[in-house]
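Reading through the structure tokens given below for one structure.
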Amino acid sequence: MKLQERFLKYVMMNTQSLEGTGTVPSTPGQKDFAQALVDELKDLGIADVRLDDMGYIYGSIPSNLDKNVPTIGFIAHMDTADAHPSPVKMPRVIENYDGGIITLESGAVLDPKTDENLRNAKGCSLIVTDGTTLLGGDDKAGVAEIMTALEYLTAHPETKHGKIAFSFTPDEEIGTSQDNFNVEAFGAEFAYTVDGADLGDIEYENFNGASAKITVQGVETHPGEAKDKMKNAMLIAMEFNAMLPPFERPEHTENYEGFYHLMHMDGDCSTATLRYIIREHDAEKFAKRKDTVRKVAELLNFKYGDGTVTAEVTDGYRNMTEMVRPHMHLIDYAKEAIAELGIAPRVPAIRGGTDGAELSFKGVPCPNLGTGSWNHHSVTEVANIDHMEKTAELILAIIGKYAER
């Protein structure tokens with residue numbers, strides 16, 4: 001199956017993950033997709049394929065070498081974000097992109113003047129939606145690329161390689177994919193997530209991540225009798241948000257700069273809730289950001305009374321760099337493989353996190369590879385088929401580097 005066909009098939013399956021469902025995976029569509037992948041893997045002739053009760057796929061292809069080399073794993077997540085619906089109609093394929101503006105059916109515009117990836121895509125085949133849904137390249141691009149590489153290995157048994165492990169995981173977009181990941185079942189010594197954006201990127205620095213839930217308890221009274229009695233929870237919540245540094249938000253930061261990001265708010269006069277994500281590369285600055293959230297809550301409690309504002313700060317993933325740096329062959333081999341494909345390797349920092357961040361702290365150092373899709377979590381998402389095919393080649397080239405050692 002060609003990569004383009006595979007990718008289009010995958011994105012038409014609704015696998016959005018959702019918080020608060022109380023199930024693993026969080027939505028049934030993910031389990032359906034997992035079963036479809038298992039069937040496809042078995043059709044490829046891969047005998048070692050396992051789907052557990054929680055929707056995780058583990059499998060491997062045995063080594064065909066006469067020497068011992070590390071078992072290398074590749075990971076992608078099956079779920080997509082819930083920022084917008086999944087595609088309900090087949091995405092549009094743009095052959096031999098001419099380098100101009102792309103207008104989607106919804107009226108949304110993709111302009112190469114403001115999109116570097118689009119400027120670099122002239123002459124390539126692109127996939128876009130109608131502008132009302134996600135595409136799902138995060139991370140079905142990675143799934144399709146790993147599957148294409150596995151298909152090549154099974155169809156070309158003469159290709160020399162060590163043992164290759166693979167896993168496809170649910171619920172990455174809601175931050176719980178590693179909660180139930182079975183490292184022993186995975187069986188890799190080192191791994192790569194295929195869950196980035198630009199072709200040629202190899203990433204091993206990511207944000208430290210945390211979430212914050214701010215609950216404001218107000219006092220509701222009749223507005224005609226409110227003087228010195230009413231405490232409007234919504235207004236206090238707005239005051240909380242205004243007390244965080246206004247230029248330390250995603251829209252004002254880049255590269256290694258961290259942020260506070262208000263993700264959701266709801267409430268009424270009596271109760272209001274704010275939900276944030278907190279991100280920072282540096283561990284000391286990360287601790288200070290979390291402390292700032294708590295101190296703002298303390299100040300508002302001093303002003304309005306104890307118990308008015310509750311701040312629950314929960315740690316998520318950590319910066320994988322400290323776990324990857326002792327194993328820089330992971331980066332060196334990837335950079336060599338990228339260069340040999342005629343692509344300039346880049347080593348940017350991730351302004352987010354991946355399965356690999358938590359997995360690295362579980363003992364499997366796991367940097368991240370770009371996929372060739374971008375504008376993730378938006379209706380202007382794009383997948384570059386030419387770059388995705390190169391990523392599948394890159395996976396095979398990295399496998400070759402370990403076979404040569």
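The values are calculated or read from the model by the stated rules, or taken from the named source; none is laboratory data. Small disclaimer: the values here were computed from a predicted structure and weren't measured. Counting neighbours? That spans all protein chains shown, and the Cβs are built from the backbone with ideal geometry, glycine included. These accessible areas exclude ligands, DNA and RNA; they are computed on the full protein's heavy atoms, side chains included. Shrake-Rupley method; radii C 1.70, N 1.55, O 1.52, S 1.80 Å.
Determine the share of segment 211-317's accessible area contributed by carbon and sulfur atoms, expressed in whole percent, with a 1.4 angstrom probe.
C and S atoms contribute 53 percent here.
Using the Cα centre of the chain as the reference point, and only Cβ charges (+1 on K/R, -1 on D/E), how large is the resulting charge dipole? Debye, rounded to the nearest 20.
480 debye
Can you find, among T27, M90, N182, the residue sitting farthest towards the positive end of the charge dipole of the chain, where Lys and Arg contribute +1 and Asp and Glu -1 at Cβ?
The listed residue farthest towards the positive side: N182.
How much mean residue ellipticity at 222 nm does the chain get from its helices, if each DSSP H run of length 4 or more adds -39500 (n - 2.57) and you divide by all residues, to the nearest 500 deg cm²/dmol?
-9500 deg cm²/dmol
Would you pull out the residues with amide H under 5 Å of F74's amide H, same chain only if 5 or more places away, H placed 1.01 Å from N?
A165, F166, S167, Y192
Could you run the Karplus curve 6.51 cos²θ - 1.76 cosθ + 1.60 with θ = phi - 60° over segment 213-230 and give me ³J(HN,Hα) per residue in whole Hz, x for Gly and Pro?
With the stated coefficients, segment 213-230 comes to 10, 9, 10, 10, 9, x, 10, 9, 9, 4, x, x, 10, 7, 4, 6, 10, 6 Hz.
Which order do peptides 392-399, 154-161, 142-149 fall in by mean Cβ count within 10 Å, highest first?
142-149, 392-399, 154-161
Just need the relative contact order of segment 211-317 here, percent rounded to a whole number, with Cα pairs under 8 Å and 6+ apart.
Averaging sequence separation for qualifying contacts and normalising by length gives 36 percent for segment 211-317.
Distances longer than 18 Å among the Cα atoms of segment 52-177: what percent of all pairs is that? Working shown, then result.
Working: 5187 of 7875 pairs.
Roughly 66 percent, once rounded to a whole number.
Hey, if you put +1 on the Cβ of every Lys and Arg and -1 on every Asp and Glu Cβ in segment 211-317, which of Y256, T308, C269 ends up farthest toward the positive end of that dipole?
The listed residue farthest towards the positive side: T308.
About its Cα centre, what dipole magnitude does segment 240-380 give when the only charges are +1 on Lys and Arg Cβ and -1 on Asp and Glu Cβ, stated in debye to the nearest 20?
Working: 16 positive and 20 negative charges, 27 e Å.
Dipole about the Cα centre, nearest 20: 120 debye.
Kindly state, to the nearest 0.05, the FRET efficiency for K303 paired with E19, given R0 = 22 Å and r defined as their beta-carbon distance. Provide the component values of the computation, followed by the final result.
Working: r = 31 Å, r/R0 = 1.42.
Result of the calculation: an efficiency of 0.10.
Amide H to amide H, which residues 5 or more places from Q16 or on other chains are under 5 Å from it, using H placed in the peptide plane?
Correct list: T80.
For T154, what is the net charge nearby, where nearby means another residue's Cβ is under 15 Å from its Cβ and Lys, Arg count +1, Asp, Glu -1?
For residues surrounding T154, the net value is -2.
Where q = 0.10 Å⁻¹, what log10 of I(q)/I(0) comes from the Debye formula for segment 211-317, counting one point per Cα?
With one equal scatterer per Cα and no solvent, log10 I(q)/I(0) is -0.30.
Place +1 on the Cβ of every Lys and Arg and -1 on the Cβ of every Asp and Glu in the chain, take the dipole about the Cα centre, and give the residue among A403, G162, T114 whose Cα lies farthest towards its positive end.
My answer, from the dipole projection, is T114.
With every protein chain present, what is the per residue accessible area of segment 211-317 (1.4 Å probe, Å²)?
I get 60 Å² per residue for segment 211-317.
Magnitude of the Cβ-charge dipole of segment 117-200, K/R +1 and D/E -1, about the Cα centre, nearest 20 debye?
With Lys and Arg at +1 and Asp and Glu at -1, about 460 debye.
Note down the Stokes-Einstein diffusion coefficient of segment 262-326 in µm²/s, whole number, using a Kirkwood radius over alpha carbon pairs, 20 °C, and 1.002 mPa s.
Taking Rh from Cα pairs, D becomes 154 µm²/s.
If one takes the longest principal axis of the Cα atoms in the chain, at what angle in degrees, from 0 to 90 and to the nearest 10, does the Cα axis of helix 385-404 lie?
For helix 385-404, the angle is close to 70 degrees.
Can you list residues from other chains, or at least 5 along the same chain, whose modelled amide H is less than 5 Å from the amide H of D48?
Sorted by chain and number, the residues that satisfy this are S60.
Using the Cα atoms of segment 106-262, I'd like the radius of gyration and the largest Cα-Cα distance, Dmax, both in angstrom.
Rg and Dmax of segment 106-262, Cα atoms, are 23.8, 83 Å.
Per 0.36 nm of contour for each residue apart, how much would the distance between T114 and K160 grow if the chain were fully extended, relative to their Cα-Cα spacing?
Full extension from T114 to K160 adds 12.3 nm.
Per residue of segment 281-288, in order, report the coupling 6.51 cos²θ - 1.76 cosθ + 1.60 (Karplus, θ = phi - 60°) as ³J(HN,Hα) in whole Hz, putting x for Gly and Pro.
6, 6, 5, 5, 5, 4, 4, 5
Between E312, E280, E116, find the one with the highest GNM mean-square fluctuation for the chain; connect C-alpha pairs within less than 10 Å.
With Cα springs under 10 Å in the chain, the top fluctuation among E312, E280, E116 is at E116.
Residue by residue through segment 186-191, what is 3J(HN,Hα) from phi via Karplus (6.51 cos²θ - 1.76 cosθ + 1.60, θ = phi - 60°)? Round to whole Hz and write x for glycine and proline.
5, x, 9, 7, 9, 8
Could you pull the accessible area for K303 with a 1.4 Å probe, rounded to 10 Å²?
120 Å²
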